[in-house]
Amino acid sequence: MMKVKSYINGLGLALTVLASSAYADEATLSQIQTRWAEVNYTLQGDAQKDAFEALLNEAKAWTDAEPNNAEAFIWRGIVQSTFAGAKGGLGALGLAKDARKSLEYALKLDASALQGSAYGSLGTLYYKVPGWPLGFGDDEKAEELLLKALEINPDGIDPNYFYADYLYEEGKYTRAQQFAQRALAAAPRPQRPLADAQRRIEVEALLAKIGKKVG
């Protein structure tokens, strides 16, 4: 009887630890998502670069603490890639390469994490970064990854926007318009109001550019 009671108590303690760990993960995820939106959309210039560097340190601390957490590596990659865009110059390419490594590692851990966000972010890197010999950009690879993101999350605002932007860059304006409209029709994410609001502004701007091409 004592063994059974001990087992039950031990199981209860283990479940409590797991629940606490899951809550901590959610809290860290929410904190980094929220701060990323603030840094990416409300700051500019040196203030933005400094904030991105601080946020990247937070993301690295998360991956160091949880080296098997795909969500942590996805956000490390997202911070690195957007920091690259803000930084520009030669330093940007180094950050983009680091972002690729983070996102590729996330895919190895769990390709479906955060509704396939690693695929979408990595695909965006591949069509935004210059191709050889300057960088690793590859439009065919980009489309392959962006389509995988859409397979996992067909109605999400981000994968539809990323693919619409890619199609626009490829000169496929009619298809770009279709996916941009799907992005605009995406359900809101209550936990990410600022990111949603700003993404919708980006989608509307893309639709305006597409409208000039298709008449």
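The values are calculated or read from the model by the stated rules, or taken from the named source; none is laboratory data. This is a predicted model, so every value here is computed, not measured. Don't worry about glycine lacking a Cβ; one is built from the backbone with ideal geometry, like all the others, and counts go over all protein chains shown. Quick note on the areas: whole protein, heavy atoms, side chains included, nothing else; ligands and nucleic acids left out. Shrake-Rupley method; radii C 1.70, N 1.55, O 1.52, S 1.80 Å.
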Subject >> Residue count for the range 170-203, restricted to those that are touching a Gly at 6+ places or on another chain (Cβ under 9 Å) and hydrophobic (A, V, I, L, M, F, W, C) >> reply: 3
Subject >> Of all residues in the range 189-215 being aliphatic (A, V, I, L, M), closer than 20 Å to Thr42 by Cβ and touching a residue at least 24 places away in the same chain (Cβ under 8 Å), the one that is surrounded by the most Cβ atoms within 10 Å (Cβ to Cβ) >> reply: Val203
Subject >> Index of the failed condition, Gly135 passing every other in (1) touching a Leu at 6+ places or on another chain (Cβ under 8 Å); (2) open to solvent by less than 20 Å² (accessible area, probe 1.4 Å); (3) among the small types (Gly, Ala, Ser); (4) not in a loop (DSSP other than H, G, I, E, B) >> reply: (4)
Subject >> Matching option when the condition is within 24 Å of Ala183 (Cβ to Cβ), within 12 Å of the chain's Cα centre (by Cα), assigned to a helix (DSSP H, G or I) and not basic (Lys, Arg), among Ala142, Ala106 >> reply: Ala106
Subject >> Positions within the range 98-116 being in contact with a Ser or Thr (Cβ under 6 Å, 6 or more places away or on another chain) and among the charged types (D, E, K, R), in sequence order >> reply: none
Subject >> Top-ranked residue in the range 1-49 [being among the charged types (D, E, K, R) and at pLDDT below 50; ranked as least open to solvent (accessible area, probe 1.4 Å)] >> reply: Lys5
Original post:
For the range 97-121, what are the residues that are surrounded by 23 or more Cβ atoms within 10 Å (Cβ to Cβ), in contact with a Leu (Cβ under 7 Å, 6 or more places away or on another chain) and within 17 Å of Ala59 (Cα to Cα)?
Top reply: Ala99, Leu103, Ala118, Ser121
